[in-house]
Amino acid sequence: QVDAVRVYVNSSSENLQYPVLFVVRQQKGVLSWQVPLIFRGLYQRTYNYQEVSRTLCPSEPAPETGPSDQIIFVDVASMAPFNIAYELLVTRLENFQLETNKPFNFTASPSQPQYFLYKFPQDVDSVIIKVVSDAVYPCSVVSVQDIVCPVYDLDHNVEFNGVYQSMTKQAAITVQRKDFPGEQFFVVFVIKPEDYACGGSVPSSIHGNVNRTWNLQRTKNLQVTIVPSIKRSVYIQAMFFSFLSFLSFYLGSVVVAFVHYIRVRRKASAGRLSPEDGSGIMTSSHPITASTPEGSSYGAIDESSSSGGRQLSSPERGPPAGSDTDSSVEEESDFDTMPEIESDKNVIRTKVFLYLSDLSRKDRRIVSKKYKIYFWNIITIAVFYALPVIQLVITYQTVVNVTGNQDICYYNFLCAHPLGVLSAFNNILSNVGHMLLGFLFLLIVLRRDILHRRAMEMKDVYTLDYGIPKHFGLFYAMGIALMMEGVLSACYHVCPNYSNFQFDTSFMYMIAGLCMLKLYQTRHPDINASAYSAYASFAVVICLAVLGVVFGKNGMWFWVIFSMIHVLASLALSTQIYYMGRFKIEGPDSDLGIFRRAAMVLYTDCIQQCSRPMYMDRMVLLVVGNLVNWSFAIFGLVYRPRDFASYILGIFICNLLLYLAFYIIMKLRSSEKLLPIPMFCIVATAVVWAAALYFFFQTLSSWEETPAESREKNRSCILLGFFDDHDVWHFLSAAALFFSFLVLLTLDDDLDTVRRDKIPVF
């Protein structure tokens with residue numbers, strides 16, 4: 001048992017010019033202070049305390065000498081020319097050493113800090129120090145320091161040694177035996193003279209209350225409990241669980257592929273092969289005619305119109321499918337040099353009813369090359385984006401480890417399991433699902449791509465007129481984006497804070513954007529955005545996100561500008577979608593003719609046709625979409641949410657969900673059907689997203705608040721004693737994104753046996 005002594009002093013003098021000086025001399029150290037004890041706060045405000053109580057640094061008896069008496073000298077002095085009364089009381093602490101799993105209650109104040117000793121039991125390698133209080137204020141600091149004298153237990157020096165964190169109602173620090181060679185440490189509790197560090201009110205002036213005596217007005221009741229942390233076996237179980245859970249997706253994919261292979265083989269042996277048999281794999285060169293049902297609204301155009309479109313596109317037909325090479329000589333512009341082609345585009349794309357054959361007229365090889373740029377560009381972006389991020393978060397973690405300041409990173413400290421130099425390994429491990437499922441999606445897309453290439457090499461040109469054109473570049477880009485989301489989310493959780501949250505959301509923007517582009521590309525393969533313009537748009541969004549993080553909290557001017565950009569961008573994009581990229585206001589007249597042309601277009605298309613737009617389905621989608629986006633703009637302008645990155649992500653996700661719902665409704669309205677696999681993926685996506693969002697909204701920390709306020713939201717682990725709610729969100733969101741990608745990949749497999757001049761565009 002370690003003996004500790006506490007010295008209490010009190011003086012009735014409030015004269016700051018002549019304080020009473022107390023010096024305590026021990027065998028291995030000297031401790032001194034003055035009464036009144038002065039603490040300094042913000043704006044150089046001073047707080048005076050006439051009652052001071054300090055615990056002297058204990059001296060543990062040596063094993064060879066045994067217990068012995070301790071000699072302590074207390075010197076009292078003052079330069080005052082008059083007598084000053086004081087009170088001195090020395091007591092022996094009965095409960096100086098904390099015990100495992102045993103709560104201990106005590107009281108502390110700025111002038112009466114407390115600290116206690118804890119020794120690791122023989123079978124415990126790691127413990128969690130849990131501190132709770134019923135009162136939010138006064139603000140306090142919990143520190144863990146090595147057994148070294150002097151102990152830093154005042155507001156101005158508690159940050160000089162060890163690990164520390166600020167606290168309002170709750171704090172938790174994980175301590176490992178390996179960090180303390182003596183297998184013991186001090187737990188120090190300091191009450192701050194002001195509360196602004198914990199989110200309290202900030203002093204408004206440097207005047208007033210300069211000589212006010214505070215004494216015991218800022219006391220706080222605390223309870224400390226030290227509990228053993230998890231054992232190494234739990235780390236191993238958690239890693240096995242993480243990898244095996246997602247490797248089961250690989251097993252399921254192999255089973256589905258094997259069942260599909262058996263089904264194709266049986267059909268081949270029975271001689272019942274269709275032009276394309278699922279998964280975009282052609283199995284016969286004999287054309288099969290499929291027609292749209294009689295009741296479909298897309299039957300308004302007769303066969304001559306569609307066939308005429310195909311005849312006009314004949315100059316753009318490339319060589320046979322067997323010569324599918326990626327020649328660097330051929331460019332997309334080679335097929336757009338004739339003025340007749342340009343006028344043909346205007347005629348075809350502005351028809352009231354469009355079919356896929358009207359928008360898949362360009363050479364397949366050239367269009368495939370165009371979409372492969374998405375894949376190569378996102379790899380380049382990922383490398384250049386991720387390397388500085390990794391370097392930065394390593395620096396953050398190093399600063400946390402060196403300084404001991406645990407207010408830098410916003411962890412869930414009640415479920416933060418360290419490993420090596422990482423403070424919260426569980427938050428990093430839970431992102432493995434994004435990487436594993438992203439790689440699995442790449443393998444699935446690669447399989448489809450290879451089988452499609454093989455089928456194309458065996459067939460003639462005529463079979464190219466069946467089904468949705470197979471371009472896999474965007475799918476590859478989506479797989480890379482999913483993997484990078486896991487990497488960057490893991491980087492963010494190395495040290496989550498206000499400054500690096502955009503790392504966790506940047507590739508979320510890209511995933512949502514790529515999904516919308518892929519959905520649009522499905523039935524508009526010739527007029528989708530190029531990779532360069534798409535990634536440039538993502539870059540603008542990320543720049544706006546950074547500006548929003550910096551200026552969005554208090555800058556009304558930023559929200560006005562952003563809302564204007566948002567609304568104008570929505571209108572411009574809606575115009576391009578409505579007119580299939582053929583909207584132009586240029587005229588043969590002078591520059592003033594442009595404005596006349598714009599006014600005429602506005603009058604003709606928006607006023608005269610208000611009751612019955614030329615493209616009703618597109619108009620409904622765009623009106624609803626603009627209402628949603630304008631609502632977001634108004635919401636941001638009025639409420640100015642602090643989490644600007646999540647606000648932008650919400651805009652992307654809502655637009656994606658709106659477009660996907662429109663696409664599925666129009667697909668069913670056109671008498672198309674959903675095959676079992678895409679139907680299963682849609683249901684799985686909805687269920688897993690619902691479960692994932694439940695855990696996402698279980699807020700465990702918030703960098704929008706002070707670190708102490710954020711810790712009030714901390715909760716214990718819920719899965720295997722290792723993962724918290726946010727880790728479960730990582731697991732489920734990875735699976736939900738994977739199923740979402742599969743929906744886009746398999747949604748139109750039912751059209752593989754339908755001619756393109758029978759597939760409507762919407």
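With K and R counted +1 and D and E -1, the other residues having a Cβ less than 12 Å from that of L674 yield a net charge of -2. Extension gain, Q237 to I527, is 99.4 nm, computed as 0.36 nm per intervening residue step minus the present C-alpha separation. Seen from A692, the other residues with C-beta closer than 13 Å to its C-beta sum to a net charge of -2, counting Lys and Arg as +1 and Asp and Glu as -1.
Take the Cα of S12, step 7 Å toward its Cβ, do the same at V683, and the gap between the two points is 8.5 nm.
With the Cα gyration tensor of region 621-678 giving a ≥ b ≥ c as the square roots of its eigenvalues, does the rule (a/c under 1.5 for rounded; else a/b larger than b/c for prolate; else oblate) give rounded, prolate or oblate?
oblate
Across region 227-232, coupling constants 3J(HN,Hα) worked out from phi with the 6.51/-1.76/1.60 Karplus curve, θ = phi - 60°, read 10, x, 8, 6, 8, 4 Hz, and Gly and Pro carry x. Using the Cβ of Y498 as centre and a radius below 14 Å, the other residues enclosed give a net charge of -4, where K and R count +1 and D and E count -1. Remark: region 494-504, residue by residue, has Karplus-estimated 3J(HN,Hα) of 4, 8, x, 7, 4, 7, 10, 5, 5, 4, 6 Hz, where x stands for each Gly or Pro and the curve is 6.51 cos²θ - 1.76 cosθ + 1.60 at θ = phi - 60°.
Read the figures in this text as sums done on the coordinates, not as results from a lab. What you see is a predicted model; the values in this text were computed from it and never measured. All Cβ positions, even for glycine, are placed from backbone atoms using ideal geometry, and neighbour counts span all protein chains on display.
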